[in-house]
Each structure stands twice: as C-alpha cells, then as structure tokens.
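Have a look at the structure below, then the notes.
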Amino acid sequence: MATIEITSLSSREKLQLMEALWDDMRQKAGESMIPKDHQKILEARWARVQSGETELLEWDVIKETIGRP
C-alpha cells in the first residue's frame, strides 16, 4: 500500500489497518527480525562483555564523548 493510499483512508480505516499490523507483528514476535550475520556479531560482543574483556557503557555517557578528543 502506498503512502498516498494511506493518507486517503478515514481515521477508522487507519485504526483498523494499525490493529491489523499490530496483530500480525504480535503473531510473528517469536521470529527473529535480525539477520543471522548480525545476530552472530551481537552474540560475540555479548560474550566479550560476559567474559569481562569489555564493558557496557550507558548511552548518555557515550553521547557525551562523541566528537571530543
């Protein structure tokens, strides 16, 4: 469905469409949406954290260091 088609829907039709999308997403919640290659990278990084080789940092801390020497 194109964006133009969506904008022409009534509010009720848009709500019905959103409900249908959420129902579909809920049914597929157990399926991984992450590509297998990406999942392997995440697992390797998590293993490094668990082994103590590296640590997780809070996003707010990281944001403060971006662009700074």
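What follows is calculated from the coordinates using simple rules that are stated; it is not laboratory data. Here the structure is a predicted model, which is why all the values come from computation and not from measurement. Methodologically, a virtual Cβ is constructed for each residue, glycine included, from the backbone with ideal geometry; neighbour enumeration extends over all protein chains shown.
Descriptive notes on the structure:
- Of the residues 19, 58, 43, the one that moves most in a GNM of the chain with alpha-carbon contacts below 10 Å is 58.
- Residue-averaged [θ]222 nm for the chain, counting only DSSP H segments that reach four residues, each worth -39500 (n - 2.57): -20000 deg cm²/dmol
- Positive minus negative residues near residue 30 (Lys, Arg vs Asp, Glu; Cβ under 15 Å): -1
- Using alpha-carbon coordinates, inclination of helix 36-51 to the longest axis of the chain, degrees: 40
- Against the chain, whose longest principal axis is taken from its Cα atoms, helix 11-27 shows a tilt of about 40°.
- Among (i) 15, 21, 24, 22, 16, 2; (ii) 19, 42, 24, 11, 4, 0; (iii) 21, 54, 22, 2, the entry derived from the coordinates for P(r) over Cα pairs in 10 Å bins from 0, in percent: (i)
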